[in-house]
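Worksheet: the structure to be examined is printed underneath.
The values are calculated or read from the model by the stated rules, or taken from the named source; none is laboratory data. No experiment lies behind these values; they were computed from the predicted model shown. Reconstructed Cβ throughout: ideal geometry from the backbone, glycine too, with neighbour counts over all protein chains shown. For accessibility, only protein heavy atoms count, side chains too; no ligands or nucleic acids. Shrake-Rupley method; radii C 1.70, N 1.55, O 1.52, S 1.80 Å.
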Amino acid sequence: MNMATAIAQPVERENYLNKEYGVWSWLLTTDHKRIALLYLGSITFFFFIGGFFALLIRLELLTPAGDLVQADTYNKLFSMHGIVMVFFFLVPSIPAVLGNFLVPMMIGAKDLAFPRINLLSWYLYIIGGGMMVHCMLTGGVDTGWTFYAPFSTNFSNTKVVEAGLAVFVAGFSSILTGLNFVVTIHRMRAPGMTWSRLPLFIWAHYATSIIQLLGTPVLAITLTLVVAERALHLGIFDPKLGGDPVLFQHLFWFYSHPAVYIMILPAMGVVTEIIACFSRKRIFGYSFVAFSSIAIAVFGFLVWAHHMFVAGTSVYAALVFSSLSYAVAVPSAIKVFNWTATLYKGSIHYDAPMLYAFGFLGLFTIGGLTGLFLAALGIDVHVTDTYFVVAHFHYIMVGGAVMGYLGGMHFWWPKISGRLYPEGWARLAALIVFIGFNLTFFPQFLLGYMGMPRRYYDYSHMPEFQVLNVLSTAGATVLGVGYLLPMVYFLWSMRYGKPAPYNPWNAAGLEWQTTSPPTTFNFDEEPVVTWEAYNYEELDAPQKEVPVAK
């Protein structure tokens, strides 16, 4: 190689990915961006485990007879599918990956307030996940993801204690992440980054963090009581010993309904950023969208008993919780209407992140409206514990939260990796996910309305349900392909993708003003914010010639 060629070789700029090498530089890192990537790898692992259980469930339901697995194995499949997907994928997905990566950059900070606690939260997640994997390999758990007493405390002979402790430990990871975000957003905003200039992604994560801090300890206490009753035979939930099994449901849903908002609020924040960018408009009704996130966090704690309309609650209590369940739909509806108003007369670009955002809008709206069906007492009595409920919450969790997560991953991937993914494949994947999702879960609304109970592995006494179940299983196969594609082309882009510019979407926000990928401390000098959020009309205005000092 001659000297000219050697000089022509570009020097790779230092960034958070290449600053240090070796396993320990990752396992002991306090860089929020590296911790986000550790979380990304971990939650992807659990996503595919949960997806494997889902695939076995759908294969079992392909025929009316229970001919693939035994009844007790089927109980373990849907239990572990739910536990893994909720506690080890959905709850940490956007906050722990995109939140960890972006919250400091969006507010102009060098890192989160407590970098070591951030690393500790990942280790707690891994310890909880390891316990859950051990539980699966040594017999599993069959209580359903809800751990209902007295079955979980008295009758189940599976690994209830280990599964409960796994979720308990992972819960502390969630609490620490929420604590970190709240302190960071309060104390570490760049000069000029007022509350009214914060990206709505930050507002969504702030609201999520409040729920994580206030709700997760209740789940931890509840699971501790289950373990204590199993081990020490205390009379907390067991009626024989003077306990109350319905008390468990109150305690569990007091966390687990707000947990739905832990899963969906961050996705709403992601979708807000994407819609503003790809319609090239300031978000319509910024303050309403911001405060609707806080309203969801507050109202989310007041509706838990709508899961218990058939558990013997009084008619008066049911009326109150039904009314509150309608009220909590209002802030979500405000967001949907404001997103729609932002799109109106916008300069819409149909890039892959925007396709996921459109998918989110449609699927979340269907999920939300069917939630109102379930909040209506007369309907809920008939469709509770049927596939109607399964379809409803998958439209929210998968159609909403996972669509938002994938949209965010595509939107910020150039910033995370410094590489561009193949746009054509990304659009195809978005389309496959949307079609596969609807083919999987829409038939389940019909099944539930027709009366098919959930959690049955054998429906040979009602063979007329087979056609819709075959459709659903076929859809799940399509959906699986749609989920595999992004993983493949993201990994491909790390090696072969074109280098990404600092701001490939010409988007607003501080995270697009740093390098791709960013340096370890995000900014070379502290940014000063002098503009309002989502200033797309300024970004798209014809650039005036700036006089250059000679």
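So for the stretch 32-540, averaging the separation of alpha carbon pairs under 8 Å that are six or more residues apart and normalising by length, what relative contact order in percent results?
Numbers: 850 pairs, mean separation 93.7, N = 509.
Over the stretch 32-540, the number comes to 18 percent.
How high is the relative contact order of the stretch 64-162? Use alpha-carbon pairs under 8 Å, at least six apart in sequence, and give a whole percent. Intermediate values should be presented prior to the final figure.
On the way: 59 pairs, mean separation 40.0, N = 99.
Once divided by the residue count of the stretch 64-162, the mean separation gives 40 percent.
Hey, can you grab everything whose amide H is under 5 Å from the amide H of Arg419? Only 5+ residues off in sequence or another chain; H modelled, so Pro and N-termini drop out.
Ala500
If you count only protein heavy atoms with a 1.4 Å probe, what accessible area per residue comes out for the stretch 32-540, rounded to a whole Å²? Present the calculation step by step, with values, prior to reporting the outcome.
On the way: 19030 Å² over 509 residues.
Averaged over the residues of the stretch 32-540, the accessible area is 37 Å².
Which number do you get for Rg(Cα) / (2.2 N^0.38 Å) in the stretch 80-218? Let's see the in-between values first.
On the way: Rg = 17.2 Å, N = 139, 2.2 N^0.38 = 14.3 Å.
Scaled against compact globular proteins, the figure is 1.20.
Step through the residues of the stretch 245-258 one at a time and calculate ³J(HN,Hα) from phi using the Karplus curve (6.51 cos²θ - 1.76 cosθ + 1.60, θ = phi - 60°), rounding each to whole Hz and writing x for Gly and Pro.
x, 6, 4, 4, 4, 4, 5, 5, 6, 4, 8, 6, 6, x
Report Rg (one decimal) and Dmax (nearest whole number) for the stretch 288-367, counting Cα atoms only, units Å.
16.5, 53
What is the helix-to-structure angle for 352-375, meaning the angle in degrees between its Cα long axis and the longest Cα principal axis of the chain, kept from 0 to 90 and rounded to the nearest 10?
The angle comes out at about 30 degrees.
Sort Val69, Val481 by heavy-atom solvent-accessible area, probe 1.4 angstrom, most to least. Please report the intermediate quantities before stating the final value.
Details: Val69 25, Val481 75 Å².
Ranked from most to least accessible, the order is Val481, Val69.
Working out 0.36 nm times the residue gap between Trp531 and Leu369, then minus their Cα-Cα distance, what length gain in nm do you get to one decimal?
Once the chain is fully extended between Trp531 and Leu369, it gains 54.6 nm.
So what's the angle, to the nearest 10 degrees on a 0 to 90 scale, between helix 466-496 and the longest Cα principal axis of the chain?
Helix 466-496 sits roughly 30 degrees off the main axis of the chain.
Along the positive direction of the dipole of the chain (beta-carbon charges: Lys, Arg +1; Asp, Glu -1; about the Cα centre), which of Thr184, Phe53, Ala541 reaches farthest?
Sorting the options by dipole projection puts first Ala541.
Using θ = phi - 60° and the Karplus curve 6.51 cos²θ - 1.76 cosθ + 1.60, what whole-Hz ³J(HN,Hα) does each residue of the stretch 118-135 get, with Gly and Pro shown as x?
With the stated coefficients, the stretch 118-135 comes to 4, 5, 4, 4, 5, 5, 5, 4, 5, 5, x, x, x, 5, 5, 4, 4, 4 Hz.
Out of the total accessible area of the stretch 32-540 (probe 1.4 Å, heavy atoms of protein only), what percent is carbon and sulfur? Display every interim value, and only then the final one.
Working: 13500 of 19030 Å².
Solvent-exposed carbon and sulfur of the stretch 32-540 make up 71 percent of the total.
Quick one: ranking Arg230, Arg495 by accessible area, 1.4 Å probe, largest first, what do you get? Walk me through the numbers before you get to the answer.
Numbers: Arg230 60, Arg495 175 Å².
Sorted descending by solvent-accessible area, the residues read Arg495, Arg230.
Given the pairs Lys281/Lys335; Lys110/Lys281; Lys281/Lys498; Lys110/Lys335, which are separated by over 23 angstrom at their Cα positions?
On the way: Lys281/Lys335 16 Å; Lys110/Lys281 28 Å; Lys281/Lys498 28 Å; Lys110/Lys335 31 Å.
Long pairs (Cα-Cα over 23 Å): Lys110/Lys281; Lys281/Lys498; Lys110/Lys335.
What distance in nm separates the two pseudo spin-label positions at Met487 and Arg116, each 7 Å out from Cα along the beta-carbon direction?
According to this spin-label approximation, the distance is 3.5 nm.
Whose amide H sits under 5 Å from the amide H of Asp238, counting only residues 5 or more places off or on another chain, with H placed in the peptide plane?
Gly243, Asp244
Quote the accessible area belonging to Trp253 in square angstrom, nearest 10, computed with a 1.4 Å probe and with ligands, DNA and RNA left uncounted.
Approximately 20 Å² for this residue.
Amide H to amide H under 5 Å from Thr386: which residues, 5+ apart in sequence or cross-chain, H placed 1.01 Å off N in plane?
HN-HN under 5 Å from Thr386: Arg454.
How long is the gain from Leu428 to Ala231 if the chain were fully straight, where each residue apart is worth 0.36 nm and the alpha carbon distance is subtracted? Present the calculation step by step, with values, prior to reporting the outcome.
On the way: separation 197, 0.36 × 197 = 70.92 nm, distance 5.16 nm.
65.8 nm is the gain from fully extending Leu428 to Ala231.
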